[in-house]
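Input: a single structure, listed below in structure tokens.
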Amino acid sequence: MTPYDDLMAYQRETEALAQVAGRLGWDQETVMPRGAAPQRAEEMAAMESVLHARRVAPQVADWLSAIEEEQLDPVGRANLRHIRRDHARAVKVPAALAARIARVTSEAQGIWAEARAKDDFAAFAPTLTEVIALKREEGQALAAGTEGSTYDAMLQDYEPGTTGAEIEAMFGAMRPVLSELRAAVRAAKAPPRLAHRFEEAAQMKLTRQLARAFGYDMGHGRVDKAVHPFSSGSGLDVRITTRTNEVDPFNCFYSTIHEVGHAAYEQGVDRAYLLTPLGQGVSMGVHESQSRIYENQLGRSRAFTGWLYGQMREAFGDFGVADAETFYRIVNRVNEGYIRTEADELQYNLHVLMRFDLERALVSGDLQVADLEAAWNDRFKADFGYAVDRPSNGVLQDVHWSVGLLGYFPTYSLGNVYAGCLHEALRADLPDLDAQLARGDTSAATSWLRANVQTHGGLYEPREVIERATGSAPTEAPLLAYLKTKFSDLYSL
């Protein structure tokens, strides 16, 4: 056994334990009894203590120093890159701090959910204050010895190699274009709305059909319900959740397609990378590119919605929409609303840009939790033109900050940018794609994405994945061009 072999055998156990910890999180969101939350917090903290101890174990440093990197193949060097980076970050965080963050964020999730149900931000504010303080302490430890900010250090957990300044520049270029297009759309005549009730069991039946249509392998996954849809796991066990609303079936269907995009990425990674650092998506931005391109550029296209219209008529009978073209316009209607996860393609990124600015201010200390609700409401009114009506539609709508995911939000829009680049390249390679989507056949598109993005797992750095797939560095231009073309057509601008 070489030092590299020893390291990889050890890492395989660490990766397996991390999957177990993830399964605890899935259970907490889907089937765990509410009363189990205090015990689950202790369980999560215990798992994090074990994982942290393994990541900072002295033998890891010994193996890393003994390995002769030049003798490794590209896969070996990529594994080493991930392990070395994770180890360097882990040793900066005290074990007690890592365990406390795990415990507090597990408890905070339940406190957030209760405060959200009661529309009571004040009940959650003290807990959020503690979470922010702990994550800031962690970020400062991670930033020590680097040239980046505390927020830059946090970003590396979700989008390695990216800085807050780079994202700020990209988002600064996007915001005026999106705001101008949104204003033009809001001034134009809007398509009709759905006015029908859609039975929940029939929604779940069709949502599973949609999951399969987009290539989700039910033999290695399952579809459950949760308050906040998500995807969990990697390799041979990748699970998704969705939610239902009797008057809004699109909430269910497009949440499912979105989460299938995430799940397909995990299921599409080369099986040779199973339970190694390469065996999962390389970053949340690249991950989001898959969920967004599945949901929007493919799932909300005129061609695919034509097929979906027929499936909905079979499932629900006449639901008051005369034809496929009207259905397409309803699916892509730009609506007033408060909820990021329910936002249309045009307005979605404005939700994310707002959160990016607010969480950066929270981390830097320029914004205090006591002032967060007012800051949220002010920014929302400035960007969307109407006031937030209650906290569950505003500052309490997302779970992310309660569980310490600071630095995560910008990856949603970064994923949209990546998706715009990938869609442009995919269309160039698949000129007859619409004919296939019109039959409900996504296989050409999903196979292209699997071959050009998903199979690589963590082999390349995030932006390199996009550059290899598209032939050029990622930029916001293809996304903005796509949105202008689509919504100018939809609203006759």
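Annotations
- Of the strands (runs of 3 or more DSSP E) that lie entirely inside region 193-304, those containing 2 or more residues that are surrounded by 20 or more Cβ atoms within 10 Å (Cβ to Cβ) and of a type outside the set (Lys, Arg) span 231-234, 237-242.
- Of residues in region 86-109 being touching a Leu at 6+ places or on another chain (Cβ under 9 Å) and among the β-branched types (Val, Ile, Thr), the one farthest from Glu130 (Cα to Cα): Val93
- The set of residues in region 156-176 being surrounded by fewer than 16 Cβ atoms within 10 Å (Cβ to Cβ) and either in contact with a Cys (Cβ under 8 Å, 6 or more places away or on another chain) or aliphatic (A, V, I, L, M) (or both) consists of Ala165, Ala169, Ala173.
- Test result for Arg302, at pLDDT 95 or above and within 29 Å of Ser488 (Cβ to Cβ): yes
- Odd one out for His82 among (1) of a type outside the set (S, T, N, Q); (2) surrounded by 15 or more Cβ atoms within 10 Å (Cβ to Cβ); (3) over 18 Å from Asp5 (Cα atoms); (4) within 24 Å of the chain's Cα centre (by Cα): (3)
- For region 38-61, the criterion of being over 23 Å from Gly233 (Cβ atoms) and assigned to a loop (DSSP other than H, G, I, E, B) is met by at least one residue.
- From the options Ala41, Ala61, residue that is closer than 30 Å to Ala143 by Cβ and open to solvent by 20 Å² or more (accessible area, probe 1.4 Å): Ala61
- Among the residues of region 138-150, just one is free of Cβ contacts under 8 Å to residues at least 60 places away in the same chain, polar (S, T, N, Q) and not in a loop (DSSP other than H, G, I, E, B), namely Gln140.
- Residue within region 97-110 that is surrounded by fewer than 14 Cβ atoms within 10 Å (Cβ to Cβ), in contact (Cβ under 8 Å) with a residue 40 or more places away in the chain and of a type outside the set (Asp, Glu) present: no
- Checked against the criterion of being among the acidic types (Asp, Glu), over 18 Å from the mean Cα position of the chain (by Cα) and on the phi < 0 side of the Ramachandran plot, the candidates Glu266, Glu259, Glu246 yield just one match: Glu246.
- Hey, Ala153 modelled with pLDDT under 95 and assigned to a helix (DSSP H, G or I) or not: no
- The set of residues in region 1-14 being assigned to a helix (DSSP H, G or I) and either surrounded by fewer than 18 Cβ atoms within 10 Å (Cβ to Cβ) or touching a Cys at 6+ places or on another chain (Cβ under 7 Å) (or both) consists of Pro3, Asp5, Asp6, Ala9, Tyr10, Arg12, Glu13.
- Those residues of region 81-137 which are over 20 Å from Ala21 (Cβ atoms) and outside any helix (DSSP H, G or I), in sequence order: Lys92, Asp119, Asp120
- Pairs with Cβ under 6 Å, 6+ apart, first in region 318-342 and at pLDDT 95 or above, second open to solvent by less than 50 Å² (accessible area, probe 1.4 Å) and of a type in the set (Asp, Glu): Val334/Asp344
- Odd one out for Leu367, checked against (1) in a helix (DSSP H, G or I); (2) surrounded by fewer than 21 Cβ atoms within 10 Å (Cβ to Cβ): (1)
The values are calculated or read from the model by the stated rules, or taken from the named source; none is laboratory data. The model shown is predicted, which means the values in this text are computed figures rather than measured ones. Every residue, glycine among them, receives a Cβ derived from its backbone with ideal geometry; neighbour counts consider all protein chains shown. Each accessible area value is taken on the protein alone, full model and side chains, heavy atoms only, with ligands, DNA and RNA left out. Shrake-Rupley method; radii C 1.70, N 1.55, O 1.52, S 1.80 Å.
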